Amino acid sequence: MSLIRRADVFDPFSLDLWDPFPFGSGSGSIFPRASSDTAAFAGARIDWKETPEAHVFKADVPGLKKEEVKVEVDDGNVLQISGERNKEQEEKSDTWHRVERSSGKFLRRFRLPDNAKTEQIKASMENGVLTVTVPKEEAKKPDAKPVQITG
């Protein structure tokens, strides 16, 4: 797993990577394309919660090693979580009866609020769950100004 900071990324809407035509790019085919880079795995499930101290992201990435997942900060405040699960190698002598596990790339992007301390992000992975913690700046308390009492 690596944490990479990048800038100058075109990010008009912070959308996830997805394939709008998963069944043959509108060609009328009902069979999935064999070469699709954004297979069913593209929709990695991620929870985002805010605590008083941090923004915490939890992503289900079962079967992935930490080296197969990237956590990046783009353009100063866009958290990007990506990775890839490779297809299992097929042997000529194998007979497949069912294929339900998904493979392919995933990419999720989240625009972080202004109070995020992007230089202090921490990421860990345990039991197929990636946890990314983005600390928050303390809320600034307004300065107390004395009020003159007249009367």
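Tabulated results
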quantity	calculated
Loop-located GluC sites (Glu not before Pro) in the stretch 76-151 whose Cβ has at most 16 other Cβ within 10 Å (DSSP)	GLU88, GLU90, GLU91, GLU100, GLU137, GLU138
Spin-label model distance (nm) - SER102 vs TRP48, 7 Å beyond Cα toward Cβ	1.9
Of LYS65/LYS136; LYS66/LYS117; LYS70/LYS136; LYS105/LYS140, pairs whose Cα-Cα distance is over 30 Å	LYS105/LYS140
Mean separation of Cα contacts under 8 Å, 6 or more apart, over the residue count of the stretch 61-151: relative contact order %	26
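Computed from the coordinates by the stated procedures, all read-outs in this text should not be read as laboratory data. Note that the structure is a prediction, hence the values are computed from the model and not measured. Neighbour counts are summed over all protein chains in view; Cβ atoms, including those assigned to glycine, are modelled from backbone coordinates with ideal geometry.
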